[in-house]
Amino acid sequence: MASFFEVENLTKRFGGLTAVDNVSFSIERDEIVGLIGPNGSGKTTLVRCIMGIFSPTSGTIRFKGQDITKWRSWKVVQAGLVGTFQVVKPFRRLPIIANVMIGCLCPRITRRGEWVKITPVKARDALEFVGIADRGLEPASTLSHGDLKRLEVAKAIATEPELLILDEPFGGLNPAETELVAKSMKRLHKGGRFGRLHSEGPAMLIIEHKLSELMKIVDRVIVLNYGKIIASGTPEEVVKNPAVIEAYTGREVPVA
Ligand SMILES: Nc1ncnc2c1ncn2[C@@H]1O[C@H](COP(=O)(O)OP(=O)(O)O)[C@@H](O)[C@H]1O
Ligand SMILES: [Mg+2]
């Protein structure tokens, strides 16, 4: 049977540089999968191909049995696949809650005539989930880097994704903030209701450079190096894999 989400032989070239090199993997509906790899290994490029921001040079992306390879971003979001960005760029002068509401402007959420009534409620629930609901009316420019990362997560979950892709959600966060975000990811995945959102938690693909927190929440890890998958398995398996240790040589192996 086809998997919930599948990437098959995906390649993305920038001129002579092959940033993503014949990558294949799949994710099941109930999984949290980690995607790791040294800087420049192609993680963000892979995510951008999935999200319809870059068009892949070759290969196929399938979500819930549909070929979404050539779909535009809005259509991918509408199908229930949402990503957050490594570099966070909010509408700084707009209220925090408006930043979340804008992300909900797609037919999947809005259905006819419901937008005005429902979107503010969903946006508030999402902000509550990430713990910044009390600041919803302040402009986004007032948020610290850590809180901007939370806003990014709120924007994504307000669209009620079935697959959530997070690009370096711990980037620039201190250990306490990292732990908080990691725990909320796990809670979100387990599902249950908060406000009107999520009766069923999303599958997740979490891209990270920092591994220690990630390893605690993922079921499985895929390792990229120079655009190729060099290992995959449980966190325990991959950190012992010689190819992974080699890829991180010269850097601190961030798990130890
Ligand atoms: N828009 C782009 N144009 C040209 N090269 C790019 C572009 N985006 C990324 N690259 C290159 O692709 C490679 C992979 O980058 P990236 O996907 O950002 O890696 P990671 O997210 O794993 O750090 C790097 O060599 C990077 O310089
Ligand atoms: Mg990156």
### Query
In segment 18-39, which residues are touching a residue at least 24 places away in the same chain (Cβ under 8 Å), part of a strand (DSSP E or B) and more than 16 Å from ligand 1 (Cβ to nearest atom)?
SER24, ILE27, ILE32
### Query
If you go through segment 176-185 one residue at a time, how many are of a type outside the set (Gly, Ala, Ser) and within 17 Å of GLU128 (Cβ to Cβ)?
4
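So is GLU162 away from ligand 1 (no atom under 16 Å from the Cβ), among the acidic types (Asp, Glu), under 20 Å from ILE50 (Cα atoms) and open to solvent by 30 Å² or more (accessible area, probe 1.4 Å) or not? It would help to see each step written out before you state the result.
Working: away from ligand 1 (no atom under 16 Å from the Cβ): yes; among the acidic types (Asp, Glu): yes; under 20 Å from ILE50 (Cα atoms): yes; open to solvent by 30 Å² or more (accessible area, probe 1.4 Å): yes.
Considered against the rule, which asks whether it is away from ligand 1 (no atom under 16 Å from the Cβ), among the acidic types (Asp, Glu), under 20 Å from ILE50 (Cα atoms) and open to solvent by 30 Å² or more (accessible area, probe 1.4 Å), GLU162 comes out as yes.
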### Summary
All conditions in (1) outside any helix (DSSP H, G or I); (2) open to solvent by less than 30 Å² (accessible area, probe 1.4 Å) are true of ALA123 except (1)
### Message
Would you confirm, using the coordinates I've provided, whether VAL87 is within 12 Å of ligand 1 (Cβ to nearest atom) and surrounded by fewer than 18 Cβ atoms within 10 Å (Cβ to Cβ)?
### Response
yes
## Note on the structure
Condition set within 16 Å of VAL76 (Cα to Cα) and within 13 Å of ligand 2 (Cβ to nearest atom), scope segment 1-48, selection surrounded by the fewest Cβ atoms within 10 Å (Cβ to Cβ): answer is ARG48
### Task
Look at ARG93 and say whether it is within 30 Å of ARG124 (Cβ to Cβ) and more than 13 Å from the chain's Cα centre (by Cα).
yes
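Whether any residue in segment 4-17 is away from ligand 1 (no atom under 16 Å from the Cβ), closer than 27 Å to ASN241 by Cβ and more than 18 Å from the chain's Cα centre (by Cα) is what I want to check.
Within segment 4-17, one or more residues are away from ligand 1 (no atom under 16 Å from the Cβ), closer than 27 Å to ASN241 by Cβ and more than 18 Å from the chain's Cα centre (by Cα).
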### Query
Residues in segment 104-121: is at least one within 17 Å of the chain's Cα centre (by Cα), within 28 Å of SER184 (Cα to Cα) and either more than 16 Å from ligand 2 (Cβ to nearest atom) or not aromatic (Phe, Trp, Tyr) (or both)?
yes
### Task
List the number of the failed condition for ILE68; all other conditions in (1) of a type outside the set (D, E, K, R); (2) closer than 20 Å to LYS228 by Cβ; (3) out of contact with any Phe, Trp or Tyr (no Cβ under 7 Å at 6 or more places or on another chain) hold.
(2)
### Task
State yes or no: is THR60 under 30 Å from ALA133 (Cα atoms), in contact (Cβ under 8 Å) with a residue 24 or more places away in the chain, open to solvent by 30 Å² or more (accessible area, probe 1.4 Å) and outside any loop (DSSP other than H, G, I, E, B)?
no
### Task
Could you tell me whether segment 177-191 includes any residue that is within 16 Å of ligand 1 (Cβ to nearest atom) and open to solvent by 30 Å² or more (accessible area, probe 1.4 Å)?
no
### Among (1) out of contact with any strand residue (DSSP E or B) (no Cβ under 9 Å at 6 or more places or on another chain); (2) within 30 Å of THR249 (Cα to Cα) - the single one ASP21 does not satisfy
(1)
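The values are calculated or read from the model by the stated rules, or taken from the named source; none is laboratory data. Owing to the predicted nature of the structure, the values given are computational and were not obtained by experimental measurement. Reconstructed Cβ throughout: ideal geometry from the backbone, glycine too, with neighbour counts over all protein chains shown. Note: areas computed on protein heavy atoms with side chains; ligands, DNA, RNA excluded. Shrake-Rupley method; radii C 1.70, N 1.55, O 1.52, S 1.80 Å.
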